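The values are calculated or read from the model by the stated rules, or taken from the named source; none is laboratory data. Keep in mind it's a predicted model, so treat the numbers as computed, not measured. Note: ideal-geometry Cβ built from the backbone for every residue, glycine included; neighbour counts use all protein chains shown. Only protein heavy atoms, including side chains, enter the accessible area calculation; ligands, DNA and RNA are left aside. Shrake-Rupley method; radii C 1.70, N 1.55, O 1.52, S 1.80 Å.
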Amino acid sequence: MQDVKLNDEPGRLAALRSLEVLDTPPEEPFENIVALVRTVLGVPMAAVTLIDEDRQWFKARSGLGVSETPRNVSFCTYAIRQSEPMLVNDARLDSRFAENPYVTGDPNVRSYAGVPLLTPEGYNVGVLCAIDDKVRTFTTSEVEMLSNFARIVTNELLLRRIAERDQLTGALTRRGFIEKAGQEIARFRRYGRPCCLALLDIDHFKAVNDTYGHPAGDAVLREMVASVVGSSRPVDLLGRLGGEEFALLLPETEPSDALVAVERFREGLAGLAIPLPGGGVIHVTVSIGIAPLTDRIVTVEEWIAAADGPLYTAKRGGRNRCELLH
């Protein structure tokens, strides 16, 4: 049996954050699993929950009307503290839950079965749970089925993380980047924290492919990503939107600081001698457009479009330069 690290909350939170799943939109695999749990176990409510520092957030839910709850009223908080499934036959008779608002009021939780979502590193990042509004005893076979579903959920969480990365460069895929940028928009609306998005476009990239071949173009893309990632902060996120166009998220960054940061990326890449697969080196430059997040921006597509304006200005102005949207 896999060892479970039950007394390392910082490590558990780090494992949860490494999945990069909090506050992401609904996804079919997880929605299908909670629907199956409801059907197979005959419960009115089921959910995939992830336990953050101070909240329980539902990656998928069926029969539940809220998208998150405070952690201190969540059953699943107790479930992640143990290595075995947690079973509650009658919440009104359990001192931990008898006064819980979800027991005394809507949705009138009576029984609960929760299987922790265990990562390969040994951390319980969340729970797959089945909830009934009637008193019941979950059978051994029902708990075993729920445990099998929980393993599928964990595998899906790990697979979605892999699928978010561009195979050639290691940058986020377009889908992965849009998801992260969407989270930043949600965070901005909740907390008002600054964030900037930069569009990076490699200058004359078609000429690189035409002159030196596609392996050389691939080498340029990999080196460009390595250069930007190597000189950025861990919270910054680089995504490949397509071809030679990349986007960089700069959370907690004011526009003036974003301009300083991307100028540093631009200079670093311009001074880089990129080895070619057939020998020799090549030098490339990038044009960059920056757009701060504002109240007028509602979708990620609007944010990217906002950065596209200064990117066009940078290219029209001679390339190898940064422009900030004013």
query = Right, Ile162: exposed (fewer than 15 other Cβ atoms within 10 Å of the Cβ) and part of a helix (DSSP H, G or I) or not?
reply = yes
Could we say that Arg38 is in a helix (DSSP H, G or I), surrounded by 20 or more Cβ atoms within 10 Å (Cβ to Cβ) and in contact with a strand residue (DSSP E or B) (Cβ under 7 Å, 6 or more places away or on another chain) here? no
Apart from one, (1) surrounded by 20 or more Cβ atoms within 10 Å (Cβ to Cβ); (2) in contact (Cβ under 8 Å) with a residue 60 or more places away in the chain; (3) of a type in the set (A, V, I, L, M, F, W, C) all hold for Ala150; the odd one out is (2)
Just one listed residue, out of Pro120, Pro85, Pro107, is closer than 25 Å to Leu22 by Cα, more than 28 Å from the chain's Cα centre (by Cα) and in contact (Cβ under 8 Å) with a residue 24 or more places away in the chain, and it is Pro107
Among the residues of segment 71-79, is there at least one that is open to solvent by less than 60 Å² (accessible area, probe 1.4 Å), over 19 Å from Leu146 (Cα atoms), more than 24 Å from the chain's Cα centre (by Cα) and of a type outside the set (A, V, I, L, M, F, W, C)? no
Any residue that is assigned to a loop (DSSP other than H, G, I, E, B) and within 15 Å of Thr285 (Cβ to Cβ) - is there at least one of those in segment 202-209? yes
Counting only residues in segment 171-197 that are in contact with a Pro (Cβ under 9 Å, 6 or more places away or on another chain) and in a strand (DSSP E or B), the one farthest from Val262 (Cα to Cα) is identified as Cys195
Of the conditions (1) touching a Ser or Thr at 6+ places or on another chain (Cβ under 9 Å); (2) assigned to a helix (DSSP H, G or I), the single one that Met145 does not satisfy is (1)
Within segment 176-197, of all residues that are of a type in the set (D, E, K, R) and in contact (Cβ under 8 Å) with a residue 12 or more places away in the chain, the one most open to solvent (accessible area, probe 1.4 Å) is Arg193
Item checked: Test result for Asp90, modelled with pLDDT of 95 or more, within 15 Å of the chain's Cα centre (by Cα) and surrounded by fewer than 18 Cβ atoms within 10 Å (Cβ to Cβ) -> no
